[in-house]
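Beneath this line is the structure, given in structure tokens, with notes to follow.
The values are calculated or read from the model by the stated rules, or taken from the named source; none is laboratory data. Keep in mind that what you see is a predicted model, and the values were worked out from it rather than measured. So basically every Cβ, Gly included, is an ideal-geometry build from the backbone, and we count neighbours across all protein chains shown. When the accessible area is computed, the model is the full protein with side chains, heavy atoms only, and any ligands, DNA or RNA have been set aside. Shrake-Rupley method; radii C 1.70, N 1.55, O 1.52, S 1.80 Å.
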Amino acid sequence: MGLSRRTLIHSASMAPAAALLAACGGTTQNASPSTIATATTRPAGTTAPQATAFPATSHMAKVVQRGKLLAGVKQDQPLFGLLNPRTNQIEGFDIDIVKEIAKAVFGLAASADATPRVELRGVTSAQRIPLLQEGAVDIIAATMTITDARKLEIDFSEIYYMAGQSLLVPKASTITKIQDMDKADQTVCSAQGSTSEQNITKFAPAAQKLLFAGYAECVTAMQQGRAQAVSTDDIILAGFLEQDPNLKMVGGQFTQEPYGLGMAKTSMGFQEFVNSEVRKMKTDGRWKQIYTKWLGKVGPAPEPPK
Amino acid sequence: MAANLPFLLQGLWVTVQLAVLSLLLALTLGIFFGVLRTVPLKPLRAVGTAYVEFFRNTPLLIQMYFTFFALPWLGVRLPGFQAAFLSLGIYTGAFVAEVVRSGILSISRGQVEAARSLGLSYVQTMRHVILPQAVSITVPPLGNLVIAMTKNTSVASAIAVQDVMYNGNILNSRTFATYEVFAAVGAGYLALTVPLSFAVNRIERHLTRFRR
């Protein structure tokens, strides 16, 4: 009973997504290889799926049989998962990580393009855990912080990215660390009700705080001299950095937000498989490559997180 | 929650200051432009109309954002409180102007003609005949505006004015006691607006005591 209901929800929720993707594919046929068009015909240069490599009950076997890895990713987070309106494709750090996982599942060559083997679905933060639990996606790669509360609901991979709170300042600024802001004549801008704002109180209690609904207002306010720095997770700041060359990020990470890939607890053997793949990526240089591709502007690739 | 009460009260005090100052500005602008819309000179009336239509037909939030974020590009960088006070006063003034205009127009034309034929100037007619009567007519709708404006001060939290709404947002993120926090914030607004309602009713009764 429980199983049939889940299958029902699954197919019902995927149908519109597939239709949407097909529609998108039609309009961008020339610009980029469509994700749907190649679903039935195997792209040239790739080897046959190695279904036999996995135990029949494993989640990997299920994915191979389906022919596609279903992944939930952010589509509104610059650098990590952002819909490119020109190509109609979601792009970013998280997406490249998912494609590496897909290559491993389908046994593709390292140089192969995994795009046809991955079906991306844009998700919001609140949707991430429910979509995994109802089986609508195989994996979530959507800037998700590993927490104990979430571990009760889903499985996490090893840390694949260590985000953290940092400082965004004008290029001419002499501020180099959060402790420089710990003075009554310094103003830090952040969002009302964010954990970032609470961290400012913790690390620079003397600083004045200017709080808006979002970070775009903060950047404007800083450009107008109303604040000396904007502070939140470095990946959000990196997005602004990309847009305005007159800014710089300083102070490193003074908090840590470990990101993990999410999987359903019912996915047999998938966590171990993904973990071994994430570990390989970190040691064989692929992780650094992806980092440099998306976050190279922020600074040179650090050592991958442990 | 009780420990956080001073923090909310501190915000409520900012709300009161913002409401009182904005009201003074709104009444000043509203009476000026309301009268302007009734003068027998077309260009002056047009100025009044332009003010009213521009400011009452754009959202307050946009006007506040504009005053706070856009004026600096013109060399005017106002602190949050001043930007909020200006926008709220100018915005509400447009509504006050309409109330004042309707009050003036509600006095029958015959009274104006009578006053003028007795030798009163236009200003004297306004000062001694029209405005005293118009005021009592405009009190109920003005009361509405004052109450609406008091609640509209909450928009200022969007430009980081530390009013009761802003402090409520901060408290909510600290405690996750969403219901309790916003119930308290709501009670804070009620504590301002209910006495205001009663005051408006009293003033209305006072002004109309000679009417019957």
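Laid out as a table, the results:
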read-out	value
Rotationally averaged projected area of segment B:70-114 (alpha carbon convex hull; nm²)	4.7 nm²
Too-long pairs where the Cα-Cα distance tops 29 Å, listed order kept, from A:Lys248/A:Lys293; A:Lys99/A:Lys248; A:Lys202/A:Lys306; A:Lys209/A:Lys282	A:Lys99/A:Lys248; A:Lys209/A:Lys282
Kirkwood hydrodynamic radius over Cα pairs of segment A:87-221, then Stokes diffusion coefficient at 20 °C and 1.002 mPa s, in µm²/s	117 µm²/s
Above-threshold pairs, the threshold being 20 Å between Cα atoms, out of A:Lys62/A:Lys103; A:Lys151/A:Lys265; A:Lys62/A:Lys280	A:Lys62/A:Lys280
With DNA, RNA and ligands ignored, accessible area of B:Ser106 (1.4 Å probe; Å², nearest 10)	60 Å²
Segment B:2-207 - percent of accessible surface contributed by carbon and sulfur, probe 1.4 Å	69 percent
Where only C-alpha atoms are counted, convex hull volume of segment B:2-207 per residue in Å³	129 Å³
Descending Cα extents along the principal axes, the protein assembly as shown, whole Å	108, 51, 45
Formal net charge of residues neighbouring A:Ser111 (Cβ-Cβ distance under 13 Å; K, R +1; D, E -1)	+1
Globularity index of segment B:151-190, i.e. its alpha-carbon radius of gyration over 2.2 N^0.38 Å	1.08
Accessible area, probe 1.4 Å, largest first, for residues A:Lys74, A:Lys99, A:Lys288, A:Lys202	A:Lys202, A:Lys288, A:Lys99, A:Lys74
Protein heavy-atom accessible area occluded, A/B pair - total, 1.4 Å probe, Å²	1400 Å²
Occluded residues from segment B:63-88, i.e. those whose accessible area drops by 40 Å² or more once the chain is not alone (1.4 Å probe)	B:Phe68, B:Phe69, B:Trp73, B:Arg77
Accessible area of segment B:2-207 divided out per residue, in Å², using a probe of 1.4 angstrom	52 Å²
Mean residue ellipticity (222 nm) of the protein assembly as shown, computed from DSSP H runs ≥ 4 via -39,500 (n - 2.57), nearest 500	-16500 deg cm²/dmol
Most to least accessible of A:Asp182, A:Asp284 (protein chains only, probe 1.4 Å)	A:Asp284, A:Asp182
Heavy-atom accessible area ranking, 1.4 Å probe, most first, across A:Thr145, A:Thr283	A:Thr283, A:Thr145
In Å², nearest 10: area of B:His206 left accessible to a 1.4 Å probe	100 Å²
Cα-based shape type of segment B:124-184, given that a ≥ b ≥ c are square roots of the gyration tensor eigenvalues and the cut on a/c is 1.5	prolate
For segment B:37-119, the Rg and Dmax computed from alpha carbons only, in angstrom	17.5, 54
Candidates per chymotrypsin sites (Phe, Trp or Tyr not before Pro) in segment A:171-219, loop by DSSP, up to 15 other Cβ within 10 Å	none
As computed over segment A:212-285, the Cα convex hull volume per residue (Å³)	149 Å³
Rg/Rg_ref, segment A:159-244, where Rg_ref = 2.2 N^0.38 Å and atoms are Cα	1.00
